[in-house]
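The values are calculated or read from the model by the stated rules, or taken from the named source; none is laboratory data. Predicted, not measured: the structure shown is a model, and the values here were computed from it. Positions of Cβ are backbone-derived with ideal geometry, glycine not excepted, and every protein chain shown enters the neighbour counts.
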Ligand SMILES: [Zn+2]
């Protein structure tokens, strides 16, 4: 029998079980943060890496759309200015850190840890108003 093997998401730093057929080079979506990832086989274990064929804008747009779909969240008119803010952070600091938070640390990579842990359910929106219940 196949062993259940967890795959580590390099974006949200969480391991998840992939419930679909694994194939090297296949694009998958992290069920925790919505990141688009590419599967790779390393010896006998599977790895996921961030895609290198997407522009930063394509990558973050796909990620936030996937995350909203996974959680059933909505966007409003704040979306476009916040996507711009995320792209500026990526340009300046190398990753999609929350444009409304000062610290450019892994837990503030969009969707930030607070949001992944349910702040939208609690407050009706995420800290910066990108995701809405
Ligand atoms: Zn993830």
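Tally the residues that are farther than 26 Å from residue 113 by Cα and either within 16 Å of the ligand (Cβ to nearest atom) or outside any strand (DSSP E or B) (or both), restricting the search to the stretch 39-52.
Narrowing the stretch 39-52 to residues farther than 26 Å from residue 113 by Cα: 41-45.
Going one step further and asking which of them are either within 16 Å of the ligand (Cβ to nearest atom) or outside any strand (DSSP E or B) (or both), we end up with 43-44.
Total meeting the criteria: 2.
Residues in the stretch 70-85 that are in contact with a strand residue (DSSP E or B) (Cβ under 9 Å, 6 or more places away or on another chain) and assigned to a helix (DSSP H, G or I): 1 in all.
Out of curiosity, is residue 66 on the phi < 0 side of the Ramachandran plot, buried (at least 16 other Cβ atoms within 10 Å of the Cβ) and without any contact (Cβ under 8 Å) to a residue 12 or more places away in the chain? Show your work before the answer.
Working: on the phi < 0 side of the Ramachandran plot: yes; buried (at least 16 other Cβ atoms within 10 Å of the Cβ): yes; without any contact (Cβ under 8 Å) to a residue 12 or more places away in the chain: no.
So residue 66 does not fit the description; no.
Residue 16 meets the conditions (1) touching a helix residue (DSSP H, G or I) at 6+ places or on another chain (Cβ under 7 Å); (2) not assigned by TED's automatic domain parsing to the domain that holds residue 99 in every case but one. The failed one is (1).
Please indicate, with yes or no, whether at least one residue in the stretch 84-102 is farther than 22 Å from residue 130 by Cα, at pLDDT 95 or above and away from the ligand (no atom under 16 Å from the Cβ). Please lay out each step first, then the result.
Within the stretch 84-102, the subset farther than 22 Å from residue 130 by Cα is none.
No, there is no match, as no residue in the stretch 84-102 is farther than 22 Å from residue 130 by Cα, at pLDDT 95 or above and away from the ligand (no atom under 16 Å from the Cβ).
Scanning the stretch 15-35 for residues that are within 12 Å of the ligand (Cβ to nearest atom), in a loop (DSSP other than H, G, I, E, B) and modelled with pLDDT of 95 or more turns up 30, 31, 32, 33, 34, 35. Taking the stretch 86-120, which residues are assigned to a helix (DSSP H, G or I) and within 12 Å of the chain's Cα centre (by Cα)? Of everything in the stretch 86-120, those that are assigned to a helix (DSSP H, G or I) and within 12 Å of the chain's Cα centre (by Cα) turn out to be 106, 107, 108, 113, 115, 116.
Matching residues to (1) within 19 Å of residue 129 (Cα to Cα); (2) away from the ligand (no atom under 16 Å from the Cβ); (3) assigned to a strand (DSSP E or B):
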position: 10; (1), (2), (3): no, no, no
position: 37; (1), (2), (3): no, no, yes
position: 59; (1), (2), (3): no, no, no
position: 67; (1), (2), (3): yes, no, no
